[in-house]
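Everything on this sheet refers to the single structure shown next.
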Amino acid sequence: MVVSLDLSDPATRPQAQGVARAMEKPTLIGLTRGELAGALTQAGIVQDRQARMRAAQIWHWLYIRGVSDFAAMTNIGKELRAALAVHFSIARPEIVEEQVSGDGTRKWLLRFPPRGAGRPVEVETVYIPEEGRGTLCISSQVGCTLTCSFCHTGTQKLVRNLTAEEILSQLLIARDRLGDFPDADTPQGAIVPLEGRKVSNIVMMGMGEPLYNFDHVKQALLIASDGDGLALSKRRITLSTSGVVPNIQRTGEEIGCMLAISLHAVRDELRDELVPVNKKYPLAELLDACRAYPGLSNARRITFEYVMLKGVNDSLADARELVRLLKGIPAKINLIPFNPWPGSAYRCSDWETIEAFADFINANGYASPIRTPRGRDILAACGQLKSESERLRKTERLALEAMMIAGHGE
Ligand code: SAH
Ligand code: SF4
């Protein structure tokens, strides 16, 4: 029987909220193995001496088989499965919208339930298929505290940090939807070999500043890279930061993933304007932290992202200074054509200017791929993500389309 409650009726609201709260069960997704074992014993459904074994079984089902229902965990007895379902949840978040771009890029709008007294929140996750690999662009926060002047997310206030579960769920949903967990509900189901997976790489380049949500991002990435689970190589995980210097060293030491820096300007004066966190951690400090990043070598380089803004940061003098600044750092430079959004004050550099800039840095020994904008038609390109509280109104979408057609921002 389905019972629906009218939450708009003040007479039923307190009870209704009580029901909703009672239905919120703690999740088992995003916990370390030790935390998982602890949760089972604390709930009183598994004895101490069995906890590690049960945690290992559940871990296997969650991260190798991708199940989202305890009933599918067939090597666990019926009674325990039922008890697990009473105490915990392993459900996926709600997919509010899935869009597929003309170029195959996919964007999901996901809704996460309230945490504590808060409201449900929505974030965007993007999948970019490429020749020989597929990259998932994951969000770390709802909104962002920083206000980079060329970034759409930066116009949205920080609503909250995502939890480790919510960060990881973005990967689980993408794997569900793309078929990276085939036949997960049957014990005989095939396990997709590493080289056949749709999601081969992840980048923390969605909404938010990952280094302002360090602990949750760390926990999620350590689970994503656990060899006995989701098993993404740390060399295929890239965390992008606008330059939160104190957490750069920790990223290398505690997570051990690849690092990308949103540089975008080679002089403090301009960087203060484009990436305001630069006022706190100026270029010299940022580049010192990069030089000291653990594990750097020619095979493990830092990626420097550089958005091409017409007449702002795209001169050959800028390119020369960029090469000078990065001397001695094993680096790749990723040139990003600016992606427009309604109300943005910038335009993308002309194509010839971008090519001349790229040629100069190439001639000076740096690989400098120009990032092809992907999924622009569904607003899935870098810096275009923005969620629920201030999603684009239809009029804004039309304005954006008109801008694209007129060639602005190309
Ligand atoms: N907060 C992190 C990660 C998310 S942004 C960071 O700033 O690094 C991911 C990348 O997209 C960053 O390099 C960011 O500077 C870039 N970006 C933001 N807005 C953009 C836009 N409108 N066009 C192109 N790139 C953009
Ligand atoms: Fe935040 Fe990164 Fe956008 Fe800057 S570029 S506002 S740090 S998401």
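The values are calculated or read from the model by the stated rules, or taken from the named source; none is laboratory data. Everything numeric here is computed off the predicted structure, so don't read it as measured data. Every residue, glycine among them, receives a Cβ derived from its backbone with ideal geometry; neighbour counts consider all protein chains shown. To get the accessible areas, we keep the full protein, side chains included, count just its heavy atoms, and leave off ligands, DNA and RNA. Shrake-Rupley method; radii C 1.70, N 1.55, O 1.52, S 1.80 Å.
Can you confirm whether region 192-215 contains a residue that is at pLDDT 90 or above, farther than 23 Å from R371 by Cα and open to solvent by 60 Å² or more (accessible area, probe 1.4 Å)?
Yes - at least one qualifying residue is present in region 192-215.
Tell me the residue from A289, A317, A284, A265 that is of a type in the set (G, A, S), part of a helix (DSSP H, G or I), open to solvent by less than 50 Å² (accessible area, probe 1.4 Å) and assigned by TED's automatic domain parsing to the domain that holds C148, please. Working first, answer last.
Numbers: A317 fails: open to solvent by less than 50 Å² (accessible area, probe 1.4 Å); A284 fails: open to solvent by less than 50 Å² (accessible area, probe 1.4 Å); A265 fails: part of a helix (DSSP H, G or I).
Within the list A289, A317, A284, A265, the selection yields A289.
Give the residue, chosen from F88, F112, that is of a type in the set (F, W, Y), more than 19 Å from the chain's Cα centre (by Cα) and either surrounded by fewer than 22 Cβ atoms within 10 Å (Cβ to Cβ) or more than 16 Å from ligand 1 (Cβ to nearest atom) (or both).
Numbers: F112 fails: more than 19 Å from the chain's Cα centre (by Cα).
The unique qualifying residue is F88.
List the strands (runs of 3 or more DSSP E) inside region 26-144, counting only whole elements, that have at least 2 residues being farther than 21 Å from I223 by Cβ. If you could, list the steps in order and put the result at the bottom.
On the way: elements: 94-100, 106-112, 121-130, 133-137.
Because the criterion is at least 2 residues that are farther than 21 Å from I223 by Cβ, the strands (runs of 3 or more DSSP E) in region 26-144 that meet it are 94-100, 106-112, 121-130.
Whether any residue in region 68-79 is open to solvent by 50 Å² or more (accessible area, probe 1.4 Å), assigned by TED's automatic domain parsing to the domain that holds I223, closer than 14 Å to A174 by Cα and out of contact with any helix residue (DSSP H, G or I) (no Cβ under 6 Å at 6 or more places or on another chain) is what I want to check. Break it down stepwise before answering.
Of the residues in region 68-79, the ones open to solvent by 50 Å² or more (accessible area, probe 1.4 Å) are 68-69, 71, 74-75, 78-79.
With the extra rule that they be assigned by TED's automatic domain parsing to the domain that holds I223, the set shrinks to none.
No.
State yes or no: is G38 at pLDDT below 95 and open to solvent by less than 40 Å² (accessible area, probe 1.4 Å)? Before you say what the answer is, go through the steps one by one.
Working: at pLDDT below 95: no; open to solvent by less than 40 Å² (accessible area, probe 1.4 Å): yes.
So G38 fails the test.
Being within 18 Å of E254 (Cβ to Cβ), assigned to a loop (DSSP other than H, G, I, E, B) and not acidic (D, E) is the filter here; which residues of region 194-228 pass it?
Within region 194-228, N213, S225, G227 qualify.
Applying the selection to region 258-279, what residues are more than 14 Å from ligand 1 (Cβ to nearest atom) and closer than 14 Å to T147 by Cβ?
D272, K279
Got at least one residue in region 338-350 being open to solvent by 20 Å² or more (accessible area, probe 1.4 Å), among the hydrophobic types (A, V, I, L, M, F, W, C) and at pLDDT below 95? Walk me through how you get there before you give the answer.
Our first condition is that a residue be open to solvent by 20 Å² or more (accessible area, probe 1.4 Å); within region 338-350, this holds for 342-347, 350.
Checking the rest, the ones that are also among the hydrophobic types (A, V, I, L, M, F, W, C) come to 345.
If we keep only those that are at pLDDT below 95 too, we end up with 345.
Yes, there is a match, as at least one residue in region 338-350 is open to solvent by 20 Å² or more (accessible area, probe 1.4 Å), among the hydrophobic types (A, V, I, L, M, F, W, C) and at pLDDT below 95.
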